[in-house]
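The values are calculated or read from the model by the stated rules, or taken from the named source; none is laboratory data. All of these numbers come straight from a predicted model, not from anything done at the bench. Using ideal geometry, Cβ is built from the backbone for each residue, glycine included, and neighbour counts are taken over all protein chains shown. Calculation scope for accessible area: heavy atoms of the full protein, side chains included, ligands and nucleic acids excluded. Shrake-Rupley method; radii C 1.70, N 1.55, O 1.52, S 1.80 Å.
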Amino acid sequence: MKAYFSKYLPYYRSNLHLAGPIMISQLGHTLVHTADSVIVGHFAGTVPLAAVSLVNSVFMIVMVVGLGIAFGLTPLIAQENGRNNKEECARLFSNSIFLNIISGVVLFFLVYYGSMAMLTHLDQDPAVVVEAKPYLLILSISIVPIMIFSAFKQFAEGLGFTRQAMRITIWGNVLNVIIAIIFVKGMFGIKPMGVSGVGYATLIDRCLMALVMGVYIFNSKDFRPYIKHFVWKQIDWIRSVNILKIGSPVAMQYVFEIGAFAAASILAGQLGAVEQAAHQVAINLAAITYMVATGIASAATIQVGNSFGKNNFDRLFKFSASSYHIVLILMMFTAIIFVVFNKQLPWIFTADPAVIYLAAQLLIIAGLFQLFDGTQSVGLGILRGMSDVNKPTFIVFVAYWIIGLPISYYLGIHLGFGLKGIWYGLTIGLMTSSLLLFLRYRTRTRHLLKETA
């Protein structure tokens with residue numbers, strides 16, 4: 001056992017060194033919405049909290065499309081950097097900025113014309129819909145700056161520079177919380193804005209994050225060997241398509257997964273505002289630990305992509321295995337926290353006893369699916385590093401939309417198990433995704449071994 005641990009120790013350290021800042025950066029996207037829920041839950045009430053739950057469920061589907069497209073840059077940068085091709089890294093970067101800006105604008109109009117109308121046709125509490133509409137509009141504008149920020153972030157992370165995005169995310173979240181409290185409560189002569197206040201705070205935060213990250217990338221000496229090759233005229237169809245070939249399936253992976261959880265939130269909304277608020281509390285807590293897993297998965301993508309670019313398959317296998325080991329240990333730890341403190345954690349979000357009671361039950365189930373959530377995320381990350389994205393996308397679709405979500409509806413709505421039934425279905429979907437992605441990884445590694453034999 002000691003010899004086995006010693007063999008992987010350098011890879012554990014390298015993965016954690018890279019993954020730590022990415023975890024915090026990834027958590028930033030979730031913590032913005034978590035902070036919104038906490039502030040609204042305590043200062044505005046249960047109906048506004050349900051409105052935040054509804055909007056975040058709809059908006060997250062749109063946002064993860066953008067983040068997935070942006071993520072298409074990372075494995076390509078890691079692979080080209082492994083080949084020491086700095087000029088190609090710069091060309092890919094310029095194309096990514098262009099794609100992200102265009103994608104941000106398109107996604108804004110998608111939210112404005114699509115999601116606004118959709119809110120009134122989801123069989124939700126009318127009072128919740130009234131609160132939700134202005135918040136969704138403000139939040140949709142923020143997709144443009146977050147896409148610009150993501151282009152800079154994914155370029156830096158593809159090269160192994162992860163700490164600056166982490167620092168910007170931390171300060172951005174602090175600023176977001178401060179502004180949100182001022183706007184929601186109505187302080188310093190500002191009229192109370194309610195749910196809209198957290199939307200404006202998020203928009204301001206994301207604009208500043210994009211600006212600061214851009215200044216860092218174009219002025220840091222760490223990036224000068226790459227940026228000296230950067231020119232806007234390098235935008236071309238072939239490179240843009242190459243980014244989209246990875247980014248689009250990754251976006252669909254996110255859509256299938258987040259969309260399933262959004263659909264689960266809508267199912268919860270059919271049970272009532274209290275049930276929907278309880279679902280929002282539990283899913284926010286689960287999303288925090290999920291972002292820890294995606295940090296490890298992103299590090300795996302970078303390390304595997306770099307190894308793949310160098311044709312160093314022994315290094316690739318060890319980074320993959322160590323990523324699985326790390327996520328299993330971390331997710332077991334978070335599962336224990338959810339189970340032990342299931343009655344205390346919901347108090348972070350609300351003081352409503354009915355919401356707390358239901359959320360506490362969901363956290364027991366969340367503790368169960370932590371392991372599956374973490375391992376399926378890492379499986380996707382490893383496969384992305386090898387530019388294997390199409391079949392994993394199909395796996396995610398089947399796991400959530402053919403297996404998990406129908407079971408959620410059948411147990412939760414048809415058989416009357418309520419929120420717990422919905423979450424049992426989500427757990428089964430996660431388990432299916434995790435197992436199938438691991439089998440896909442094993443198949444790909446066997447092929448690589450045959451090619452090098």
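Surface analysis of the chain yields an accessible area of 39 Å² per residue, using protein heavy atoms and a 1.4 Å probe. Around the Cα centre of the chain, unit charges on the Cβ atoms of Lys, Arg, Asp and Glu (plus for the first two, minus for the last two) sum to a dipole of about 1560 debye.
Mind checking which lysines have their C-alpha under 30 Å from residue 420, skipping anything on the same chain fewer than 8 residues away? Reachable lysines: 133, 343.
Highest mean packing first, where packing is the average number of other Cβ atoms within 10 Å per residue, the peptides 369-382, 173-186, 285-298 line up as 369-382, 285-298, 173-186.
In units of 2.2 N^0.38 Å, what is the alpha-carbon radius of gyration of segment 275-353? Write out the running numbers ahead of the final one.
Values: Rg = 17.4 Å, N = 79, 2.2 N^0.38 = 11.6 Å.
Working it through for segment 275-353, the quotient is 1.50.
With unit charges on the beta carbons (Lys and Arg positive, Asp and Glu negative) and the dipole taken about the Cα centre of the chain, which residue among 382, 412, 197 sits farthest to the positive side? Sorting the options by dipole projection puts first 382.
Placing unit charges on each Cβ (+1 for Lys and Arg, -1 for Asp and Glu) gives the chain a dipole about its Cα centre, and among 159, 336, 69 the Cα reaching farthest toward its positive end belongs to 159. Over the chain, the alpha carbon radius of gyration divided by the compact-protein estimate 2.2 N^0.38 Å works out to 0.95. When you count the other C-beta atoms within 10 angstrom of each residue and take the mean per peptide, 300-311, 8-19, 385-396 line up highest first as 300-311, 385-396, 8-19.
Within the straight-line cut-off of under 19 Å between alpha carbons, the lysines reachable from residue 391 are 245, sequence neighbours fewer than 8 places apart in one chain being disregarded. Packing order of peptides 431-439, 196-204, 215-223, highest average first: 196-204, 431-439, 215-223 (average count of other Cβ atoms within 10 Å over each peptide's residues).
I need the Debye-formula profile for segment 347-453: one equal scatterer per C-alpha, no solvent, reported as log10 I(q)/I(0) at q = 0.11, 0.12, 0.21 1/Å, two decimals. Results for segment 347-453 at q = 0.11, 0.12, 0.21 Å⁻¹ read -0.45, -0.52, -1.04. Expressed as a whole percentage, what fraction of the accessible surface of the chain belongs to carbon and sulfur atoms when a 1.4 Å probe is rolled over the protein heavy atoms? Carbon with sulfur: 69 percent of the solvent-accessible area. Within the straight-line cut-off of under 20 Å between alpha carbons, the lysines reachable from residue 228 are 86, 153, sequence neighbours fewer than 8 places apart in one chain being disregarded. A crude spin-label estimate for the pair residue 231 and residue 390, with each label 7 Å from Cα along the Cβ direction, gives 3.5 nm. For segment 388-440, the fraction of alpha-carbon pairs lying more than 16 Å apart is 40 percent, rounded to a whole number.
Calculated from DSSP H runs of 4 or more alone, at -39500 (n - 2.57) each and per residue, what is the 222 nm mean residue ellipticity of the chain, nearest 500? Could you put the intermediate results ahead of the total?
Values: 16 runs with 368 residues, N = 453.
Theoretical 222 nm ellipticity from helices: -28500 deg cm²/dmol.
When the Debye formula is applied to the Cα atoms of segment 291-430, each taken as the same point scatterer, what base-10 log of I(q)/I(0) results at q = 0.12, 0.14, 0.15, 0.21 Å⁻¹? For segment 291-430, the Cα-only Debye profile gives -0.59, -0.75, -0.83, -1.18.
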